[in-house]
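Written out below as structure tokens is the structure these notes cover.
The values are calculated or read from the model by the stated rules, or taken from the named source; none is laboratory data. Computed from a prediction, not measured in an experiment: that's the story for all the values here. Reconstructed Cβ throughout: ideal geometry from the backbone, glycine too, with neighbour counts over all protein chains shown.
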Amino acid sequence: MNYTRRDILALSAAGLLVPRPLLASTPGGSGRKFLFILCYGGWDASMVFAPRMHVSSADHEEGAEIAEAKGITFVDNETRPAVRSFFETFGDRACIVNGMEVPSITHEMCARVILTGSKGTNSDDWPSVVAAHDESNRLLPHLVMSGGQAMNYNYADKVVRVGSAGQLPSLLNASAMSDSNMAVTMPPPDVQALEQAFLEERIESRLAALPSGFRRQWLERYRTSTQNGSSLIDLSDGLSLVPEASSCGVNVASNAKVAFDCFEAGHTRCAMIQYTGFCNIGWDTHESNFNQVLHYEDLFTYLTDIMTDLDTRPGELGGSLADEVTIAVFSEMGRHPKLNNWLGRDHWTFTSAMLLGSGVRGGQSIGGLDSAALGQPVDLTSGEVTDSGTDLQAQHLGATFLALADIDPEPFVAPGIQPILAVMQ
Amino acid sequence: MISLILAMACTGGEYSDPVAHQTDSGQSIHHAEGTLPDPVPAATYIEGDAQTLLRRMSLDIRGVLPSQAERERVGADMNLLNAVMNEMVHDARLEERLVSLFAERWLTRIDVFEIEFHDYFLPEEQEYEFEKSVGEEPLRLMAHVVVEDRPWTEIVTANYTMANELLGDLWPIDYPDEGEGWQPSVYTDGRPGAGVLTTNGLWWRYVTDVSNKNRSRVAAINKLLLCNDILSRPVSFAGSSSLVEEGTESAINNLPYCVSCHASIEPIAGVFFGFWSPMQYTRIEYERYHAERELMWQDYLDAEPAWFGEPIEGLVDLGRKVADDSRFQRCGVEQMTSALWRRSIQMNDWPTIEALLEEFKANELRMKPLMVAIMQTSPYRAVSLAEDAHEDTVESEVTTRMMGPSLFHQVITDTFGYQWTFQGADQLDTDSSFYEDRVGYRVLMGGVDGHSITTPPKMPSLTWSITVRRVAQAAGIHAATADLTTDDGPGVLIYVNESTEPTDTQFNNELIQLHERLYGSTPDAAWIESITELWIQMERASNPLTAWGGVLSTMIRDPAFMTY
């Protein structure tokens, strides 16, 4: 069990008005938005996604049984009614991918691999890649909600962190500067506007004289970031970037609501939420693995709220927002088939992921575990388990994200890695 | 968050990493899957002029802008620049900069340790000081070794640590009675002395648990001291069909692909049991060394303590072995070079690294001469690349450096007298707080917090720009107010007062001195004209004081100030 001791760090509310911008109407994958929910700490996929009852040497959960709802095969237990309810309601829009290996057993490295496909620090995570290839100049291309992770090399400028405690609005409205031992009054708006205009002119004149290279690239990104920052400040009056405070832990649904608001307004292409379990107790259950029951119930209650919320919203392109948003729920690692001495489970390299919504061929579970609890090879096109299939890696999942966004995955994954076409409509 | 390091298929296996491989330092090298890259042709570096490099060196080494006297002394003479450079590494302000630079690599400046300030019944006003002190302990020790011009090996052999008044109060440390600030101090709980290897600060950051059995700490010292990132090796369970039945601990000792890594991990893990605790989040367990547990490796690990095959007896012996390891020396060179070049070490840097290593050895492994040598390399001095530079070099070379939160805070404080602090916390040096009414902005400005950001960004982001804007505006109005309305301002505005008109000579002189001081170069007429016009417009919209604040803010936000 891994309690973070900052559970009480609540999120404060603040206001930002972000009006609906003008955006190019781009149908299909290039107009698709993505909400990523990382269950950091390592979930026990065998409790919901990847049945492991056939692994004779594993320690099995009491009361667990295989069930099916709307095409989804899942592990049911009367202790997790929210999970069953979710699949009974939304199973036909969900696709589960099982038996995917993340080749490390440390959280930090596994998170890097599942988010970027690589162990190197010279890679960007999938949401940043998607945001960077967006043709629209969005103010908040990849919105990282409080506490969320973002890993960047080339596309750090596409990432907008709200802050671990939702600090961004305090910067936008400048209250951060009055919360200071040397409080000062900010210049009046017209003076700030003069300052901004002068700065932009200076950047432009420098760019005009600069050849290509790092310096020019830096200036171009500064121009974009300072212009977008200025626009965001000007618009900071109505739409909150900070989710409603939760009494305990991360309220995934209210975080998603903020992301959806930004999707709707056209400001955001991707958003990341990090969910650390019920009351932030943590998924890393080296002790007391039964706590995962709490986490899954909490998570699937939130997911039900999220899908319901999504269905009520208008999309950026005229239809429903549900038609435009893909949701990915995943964890950086799985948990060992056997219980340890503390009734916990240690790390396991095989994990699962669940994709929902736009572009996803729902009502199916792809892949699985063999009798040794190792991932089984999968035909990427049909999704069938077959000896001639492909061993699933995090890169396959990443390639699928990119394909769903109409981005050629090839530059971002190892040679030969293909999207899991079976996931896609 | 602790992981069991079960390294299967360490030598390769089925897993293929798409775009990145690591150098020894854990940094990245681009090359195609499965092949070593061809050496990248050396770029033709275009080096900066003396004033540009003076500014760069001063910021890198001291965290402040060069003084007017230094600017005048150097002029355009590169030989004089080198003389000033040699003096800079003996400046007292080097220590703070080193702590910041080491923090980017060692990642110990986190906001949340498993033991918190309230475990010591400290008031909330001391939360930041507590977290900063704990995280800086090993960094201060390393900085002390450098500042005192001691051999780098002392960071793993010193029989002392560094402590401030707070740590002296909280921990079993014999802090000097008349001491002030960070001082060499000695633990009194019977722990051996092996430099950073026996500091609470390091092991509170790199924690372990009952399953992990100190293996995470072995990974940490491999990465931090040897530039050997064992966690970057692929760990695949695929193909090991007996793993569940066999059990993890058994697999570590018996399955060949596990043994290939764990054969060296387990024996090193064995020497850390004095820092090992069966109970997490327990203050008394964490703050004291437990000599009585040193032999617990016999119960928990099936391997006698050894350093890559050579038997060792405890942490002091471990420190000596690390110090004698050639990888440690090279790693020290790589880390310092990477810190000053502001980029990762690439494959084509190796000849330069070799030369710097020889310099390091020739100077008895002292860091100051190494820093001077690094500042004379072309990658350090480059402000651009020739047109025929290889595309890989163009892609990787950092020809302009961006101020991160630590440096920005230091420069703003020194130059404008403005300190963005709240309840004692430097707002650019922290992020979260146990109490919700105080939060910081380090990560929003791209600062390394040890968790969500582990490498300083090279490019500006939206939140970097907004943070710069807000701090610049606050610093500008603060400095203008203090200089124009009091006698004890920071001295940024030295010629004008509230009634000075743009037509006055003092006005023009002020703009020239500001440009020279903040940017390190003399302004042209066009800039003077445009900034004068800006002041006039701002003054019309407000008043002279606000206009000067606006001019200062504008100049801070200018790329000429924020880059170096």
Q) Would a scan of the range A:412-421 turn up a residue that is within 18 Å of A:HIS54 (Cβ to Cβ) and touching a helix residue (DSSP H, G or I) at 6+ places or on another chain (Cβ under 9 Å)? A) no
Q: Please work out which residue is surrounded by the fewest Cβ atoms within 10 Å (Cβ to Cβ), limiting yourself to the range B:519-535 and to residues that are part of a helix (DSSP H, G or I) and more than 10 Å from chain A (Cβ to nearest Cβ).
A: B:ALA525
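Could you pull out every one of the helices (runs of 4 or more DSSP H) wholly within the range B:339-448 that has 2 or more residues that are under 30 Å from A:VAL162 (Cβ atoms) and either among the hydrophobic types (A, V, I, L, M, F, W, C) or under 19 Å from the mean Cα position of the chain (by Cα) (or both)? First the steps, then the outcome.
On the way: elements: B:350-362, B:367-374, B:378-381, B:391-396, B:405-416.
In the range B:339-448, B:405-416 are the helices (runs of 4 or more DSSP H) which contain 2 or more residues that are under 30 Å from A:VAL162 (Cβ atoms) and either among the hydrophobic types (A, V, I, L, M, F, W, C) or under 19 Å from the mean Cα position of the chain (by Cα) (or both).
Would you check which residues across the range A:127-174 are aliphatic (A, V, I, L, M), more than 20 Å from A:LEU232 (Cα to Cα) and at pLDDT 95 or above and list them? Step through it out loud before you land on a result.
First, the residues of the range A:127-174 that are aliphatic (A, V, I, L, M): A:129-132, A:139-140, A:143-145, A:150-151, A:156, A:159-160, A:162, A:165, A:168, A:171-172, A:174.
Applying the additional criterion that residues be more than 20 Å from A:LEU232 (Cα to Cα) yields A:129-130, A:150-151.
Of everything in the range A:127-174, those that are aliphatic (A, V, I, L, M), more than 20 Å from A:LEU232 (Cα to Cα) and at pLDDT 95 or above turn out to be A:VAL129, A:VAL130.
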Q | Residue identified as away from chain B (no Cβ under 14 Å) and of a type in the set (Ser, Thr, Tyr) among A:THR73, A:THR116, A:THR121 | A | A:THR73
Q. Which one of these does A:THR285 not meet: (1) surrounded by 23 or more Cβ atoms within 10 Å (Cβ to Cβ); (2) more than 8 Å from every other protein chain (Cβ to nearest Cβ); (3) in a helix (DSSP H, G or I)?
A. (3)
Q.
Looking at the range B:484-492, can you tell me whether even one residue there is part of a loop (DSSP other than H, G, I, E, B), more than 12 Å from every other protein chain (Cβ to nearest Cβ) and aliphatic (A, V, I, L, M)?
A. yes
Q) Quick one: is B:ARG381 in contact with a strand residue (DSSP E or B) (Cβ under 8 Å, 6 or more places away or on another chain) and under 30 Å from A:MET177 (Cβ atoms)? A) no
Q: May I ask you to list the residues in the range A:250-271 that are closer than 23 Å to A:ASP124 by Cβ and either assigned to a loop (DSSP other than H, G, I, E, B) or among the polar types (S, T, N, Q) (or both)?
A: A:ASN255, A:GLY266, A:HIS267, A:THR268, A:ARG269
(Q) Yes or no: the range A:132-148 includes at least one residue that is facing chain B (nearest Cβ under 10 Å), on the phi < 0 side of the Ramachandran plot, surrounded by fewer than 20 Cβ atoms within 10 Å (Cβ to Cβ) and not charged (D, E, K, R). (A) no
Q. For the subset of the range A:360-374 comprising residues that are outside any loop (DSSP other than H, G, I, E, B) and crowded, with 21+ Cβ neighbours inside 10 Å, which member is nearest to the chain's Cα centre (by Cα)?
A. A:VAL360
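Here's the yes/no breakdown for (1) without any contact (Cβ under 8 Å) to a residue 12 or more places away in the chain; (2) crowded, with 24+ Cβ neighbours inside 10 Å; (3) among the small types (Gly, Ala, Ser):
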| residue | (1), (2), (3) |
| --- | --- |
| A:GLY91 | no, no, yes |
| A:ILE96 | no, yes, no |
| A:MET109 | yes, no, no |
| A:THR121 | no, no, no |
| A:VAL129 | no, yes, no |
Q. If you take the residues of the range B:437-448 that are more than 9 Å from every other protein chain (Cβ to nearest Cβ) and hydrophobic (A, V, I, L, M, F, W, C), which of them is farthest from A:GLN149 (Cα to Cα)?
A. B:MET445
Q. List the pairs whose first member sits in the range B:449-476 and is at the interface with another protein chain (Cβ under 7 Å from one of its Cβ atoms), whose second member is of a type in the set (Asp, Glu) and surrounded by 24 or more Cβ atoms within 10 Å (Cβ to Cβ), and whose Cβ atoms are under 8 Å apart, counting only residues at least 6 apart or on separate chains?
A. B:MET459/A:ASP157; B:PRO460/A:ASP157; B:SER461/A:ASP157; B:LEU462/A:ASP157; B:GLN473/A:GLU195
Q. Which members of the range B:273-292 meet the condition of being surrounded by 17 or more Cβ atoms within 10 Å (Cβ to Cβ) and in a helix (DSSP H, G or I)?
A. B:PHE273, B:GLY274, B:PHE275, B:TYR286, B:GLU287
Q. Can you name the residue in the range B:317-361 that is among the β-branched types (Val, Ile, Thr) and in contact with a Phe, Trp or Tyr (Cβ under 8 Å, 6 or more places away or on another chain) and, of all such residues, is nearest to B:LEU225 (Cα to Cα)?
A. B:VAL322
**Q.** Test: residue in the range B:378-385 that is within 14 Å of chain A (Cβ to nearest Cβ), without any contact (Cβ under 8 Å) to a residue 40 or more places away in the chain and surrounded by fewer than 20 Cβ atoms within 10 Å (Cβ to Cβ)
**A.** no
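Quickly run through the range A:337-365 and pick out the residues that are out of contact with any Asp or Glu (no Cβ under 8 Å at 6 or more places or on another chain), closer than 20 Å to A:MET100 by Cβ and either within 10 Å of another protein chain (Cβ to nearest Cβ) or charged (D, E, K, R) (or both). I'd like the intermediate steps shown before the answer.
Let us first name the residues in the range A:337-365 that are out of contact with any Asp or Glu (no Cβ under 8 Å at 6 or more places or on another chain), namely A:341, A:346-348, A:352-357, A:359-361, A:364-365.
Next cut, closer than 20 Å to A:MET100 by Cβ only: A:346-348, A:352-357, A:359-361, A:364-365.
Passing the criteria: A:ASP346, A:HIS347, A:TRP348, A:ARG361.
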**Q.** Among the candidates B:GLU539, B:GLU516, B:GLU501, B:GLU510, residue that is within 12 Å of chain A (Cβ to nearest Cβ) and of a type outside the set (A, V, I, L, M, F, W, C)
**A.** B:GLU539
Q) Is the range B:61-73 home to any residue that is within 24 Å of B:GLU334 (Cα to Cα), basic (Lys, Arg) and modelled with pLDDT of 95 or more? A) yes
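Just name the residue that is nearest to A:HIS107 (Cα to Cα) out of those in the range A:153-165 that are part of a loop (DSSP other than H, G, I, E, B) and facing another protein chain (nearest Cβ under 7 Å).
At the first step, the residues of the range A:153-165 found to be part of a loop (DSSP other than H, G, I, E, B) are A:153-155, A:162-165.
Next, from what is left, pick out any that are facing another protein chain (nearest Cβ under 7 Å): A:163-165.
On the way: A:GLY163: 21, A:SER164: 19, A:ALA165: 22 Å.
Among those that are part of a loop (DSSP other than H, G, I, E, B) and facing another protein chain (nearest Cβ under 7 Å), it is A:SER164.
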Q: Report yes if A:ALA183 is more than 8 Å from chain B (Cβ to nearest Cβ), of a type in the set (A, V, I, L, M, F, W, C) and either farther than 30 Å from B:GLY417 by Cβ or assigned to a loop (DSSP other than H, G, I, E, B) (or both), otherwise no.
A: yes
Q: From (1) in contact (Cβ under 8 Å) with a residue 24 or more places away in the chain; (2) part of a loop (DSSP other than H, G, I, E, B), pick out the condition that doesn't hold for A:SER247.
A: (1)
